[in-house]
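Just so it is clear, none of the values below were taken in a lab; they were calculated from the coordinates. Being a predicted model, the structure only gives us computed values, none of them experimental. Heads up, the Cβs are rebuilt from the backbone with ideal geometry, glycines too, and the neighbour counts pull from every protein chain shown.
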Amino acid sequence: MANIHAMVYHVPRFMKIHSGIRKFSGQGVEKLNDDCWRTHLEKSNKWDAAKDVLMAEERLGVLSELQRTPRTYKKKADKYWATGIMDSRKKASLTMQSGKSQ
């Protein structure tokens, strides 16, 4: 009976004040629960689940602020990229063709 009372008297008022009831759904809590469960199963040692979840969240928070700097790459054999690659691909295709014919 209390649910019907809430639906009739309180929900319409909350919908006017908050432009809908989406904010009051349990979707955010369910998502957080799923994330915590996944963290417990994948990223913890299963001894202290609550501590492991909090530590994993903290690690993700710290790492999200950092940016990865890509390593520099210097081509050592410029000649290979001009002509050598075509020769090596030719050899590979000939090897594959001879392997199929046997």
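Structure summary
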| read-out | value |
| --- | --- |
| Non-local Lys pairs in the chain, i.e. 8 or more apart or on different chains, that have alpha carbons under 25 Å apart | 13 |
| Nitroxide proxy distance, nm - points 7 Å out along Cα→Cβ at Leu94 and Glu42 | 4.8 nm |
| Cβ-based charge dipole, the chain, positive-most Cα from Leu54, Pro70, His5 | Pro70 |
| Listed candidates [x] 2.34; [y] 1.01; [z] 1.44 - label of the one calculated as Cα Rg over 2.2 N^0.38 Å | [x] |
| Computed [θ] at 222 nm, deg cm²/dmol, the chain (DSSP H ≥ 4; -39,500 (n - 2.57); rounded to nearest 500) | -19000 deg cm²/dmol |
| Qualifying chymotrypsin sites (Phe, Trp or Tyr not before Pro) in region 11-96, DSSP loop, other Cβ atoms within 10 Å at most 11 | Trp47, Tyr73 |
| Trypsin sites (Lys or Arg not before Pro) restricted to DSSP loop in region 2-102 with at most 14 other C-beta within 10 Å | Lys46, Arg68, Arg71, Lys74, Lys75, Lys76 |
| Cα→Cβ-extended label distance, 7 Å offset, between Lys23 and Thr72, nm | 5.2 nm |
